[in-house]
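The values are calculated or read from the model by the stated rules, or taken from the named source; none is laboratory data. Bear in mind the structure is a predicted one, so any value in this text is a computation, not a measurement. As a convention, Cβ positions derive from the backbone with ideal geometry for all residues, glycine included, and neighbour counts pool all protein chains shown.
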């Protein structure tokens, strides 16, 4: 299928005009002869390839998409929408490598390979869900919640629960996860780095 977009047409025309200008400079011998688009060399004659320029003009603004999905399953507009969301795939790879810190591990057994892929996919799914629920980047969520710890202390059969005090950012994120709201107001990052959360160390004798 082919999809036309006016903004793409304008961008393609700007790019096309710049390429024609470079080709014209080569044809006028203002630049050395090199492999340029729309430059046509016939014997000792260097000129513009007018046929190629005409074909390129006719194609400005159009983008082709090829899919093996039947039209009754995914129509043309849905194909275009899916193609526009491809940037999310690249973003997911960046999140998996940076924020989730997924690293390649050299497994040989099929079960180990599938287990590793399952863990990475599950971590990425959780990260995406956290982003969607809170409206905050996973990097900011990890930085805000990383140092929160909970400890259960058993003293003569009495169990006490100690938790790291929450700062404003951590409390806002947790409240958003509980309520499902995306209105999370976090403090801006300071010049010295991310705000640290105080830790609580408890011992039992």
Note to self: Restricting to the range 89-121, name every residue that is exposed (fewer than 11 other Cβ atoms within 10 Å of the Cβ), in a helix (DSSP H, G or I) and modelled with pLDDT of 85 or more.
What the structure shows: 110, 111, 118
Next item on the list: State which residue is farthest from residue 9 (Cα to Cα) when the search covers only the range 30-63 and only residues that are touching a helix residue (DSSP H, G or I) at 6+ places or on another chain (Cβ under 6 Å) and touching a residue at least 40 places away in the same chain (Cβ under 8 Å).
Entry: 56
Next item on the list: Would you mention how many residues in the range 122-134 are within 17 Å of residue 90 (Cα to Cα) and either surrounded by 13 or more Cβ atoms within 10 Å (Cβ to Cβ) or in contact with a strand residue (DSSP E or B) (Cβ under 7 Å, 6 or more places away or on another chain) (or both)?
Entry: 5
Next item on the list: May I ask you to say which residue of 34, 40 is modelled with pLDDT under 90 and in a loop (DSSP other than H, G, I, E, B)?
Entry: 34
Note to self: Consider the range 14-29. How many of its residues are closer than 15 Å to residue 53 by Cα and without any contact (Cβ under 8 Å) to a residue 12 or more places away in the chain?
What the structure shows: 5
